[in-house]
Amino acid sequence: VARELGDWQRVSWSLHFAASAQIALHDHERSVRLLRERIELCREHESLADLAISLVMICSEVWLVGGREEAEALLDEGETIAKREGFGTFAGYATYQRGNLALWSGEHGRAAGLHKEALRAFRDLAYRPGIAHALDCLSYSLGASGCHRASMRAAGAAAALWAGMQQAVSPHDQIEQESYLGPVREALGDEADVLFDEGRLMPLEELLASLL
């Protein structure tokens, strides 16, 4: 209907939400198709905010279907627009995504540094979904770097934030969490649950100060 009415903004947002749903389902090829269509629409109408976040979103999906060089280029473009135009949240997500690409490349120390940088940005913006996303992935990169105790505290804090926002963890995300945090729990033994609860119950500012 939006297409027939020529309402490009409604089409754009429909593509955004459809792509987000496919990302949650881990249907990377379909999410890439939807986001490519939205990016072209945003370019045509010079909608810089929508273009920036779409470029930041698509980079990880392109990476996961094998387009590593293109993913980096898309992320560079999205980050440049976000920083130039003052889109602080989108710039924070660009740093977060760069950390994810580093994590998937096996650059665990670099990934942890980037996830901390994203966490600082979201903390300064008081943007709780971003803080939760950054804490989740920081727990993965810290665990992969051998910083097991900090990893479990970050995971606990992320869980508390998601619960406070009434956001359930999807089955796909639970599998990803287990792939990263399972070895951490195994390394820590009984201490893992204690540390997770410390992170879950600690005041957020105190927890962030301990990680950053």
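Structure values in brief
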read-out: Selected residue (only one of 91, 71, 111, 163 is closer than 17 Å to residue 211 by Cβ, of a type in the set (A, V, I, L, M) and out of contact with any strand residue (DSSP E or B) (no Cβ under 9 Å at 6 or more places or on another chain)); value: 111
read-out: Elements of type helices (runs of 4 or more DSSP H) contained in region 166-212, each with 1 or more residues being of a type in the set (Gly, Ala, Ser) and open to solvent by 60 Å² or more (accessible area, probe 1.4 Å); value: 171-188, 204-211
read-out: Neighbours by Cβ (under 9 Å, 6+ apart or cross-chain): first from region 153-166, closer than 18 Å to residue 116 by Cα and free of Cβ contacts under 8 Å to residues at least 40 places away in the same chain; second open to solvent by 50 Å² or more (accessible area, probe 1.4 Å) and not in a helix (DSSP H, G or I); value: none
read-out: Region 70-95: number of residues that are of a type in the set (A, V, I, L, M, F, W, C) and open to solvent by 30 Å² or more (accessible area, probe 1.4 Å); value: 3
read-out: Every residue from region 101-113 that is surrounded by fewer than 24 Cβ atoms within 10 Å (Cβ to Cβ) and on the phi < 0 side of the Ramachandran plot; value: 101, 102, 103, 104, 105, 107, 108, 109, 110, 113
read-out: Inter-residue pairs, beta-carbon under 9 Å, first without any contact (Cβ under 8 Å) to a residue 40 or more places away in the chain and in region 187-212, second in a loop (DSSP other than H, G, I, E, B), 6+ apart; value: 187/146
read-out: Single residue of 18, 49 found to be among the small types (Gly, Ala, Ser), open to solvent by less than 40 Å² (accessible area, probe 1.4 Å) and more than 20 Å from residue 76 (Cα to Cα); value: 18
read-out: Residue list for region 15-35, filter: modelled with pLDDT under 95 and of a type in the set (Ser, Thr, Tyr); value: 20
read-out: Flag if residue 119 is among the aliphatic types (A, V, I, L, M) and free of Cβ contacts under 8 Å to residues at least 60 places away in the same chain; value: no
read-out: Positions within region 144-160 being open to solvent by 10 Å² or more (accessible area, probe 1.4 Å) and not polar (S, T, N, Q), in sequence order; value: 144, 146, 147, 148, 149, 150, 153, 159, 160
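The values are calculated or read from the model by the stated rules, or taken from the named source; none is laboratory data. Being a predicted model, the structure only gives us computed values, none of them experimental. Virtual Cβ from ideal backbone geometry, glycine too; neighbours counted across all protein chains shown. Heavy atoms of the whole protein, side chains included, go into the accessibility calculation; ligands, DNA and RNA do not. Shrake-Rupley method; radii C 1.70, N 1.55, O 1.52, S 1.80 Å.
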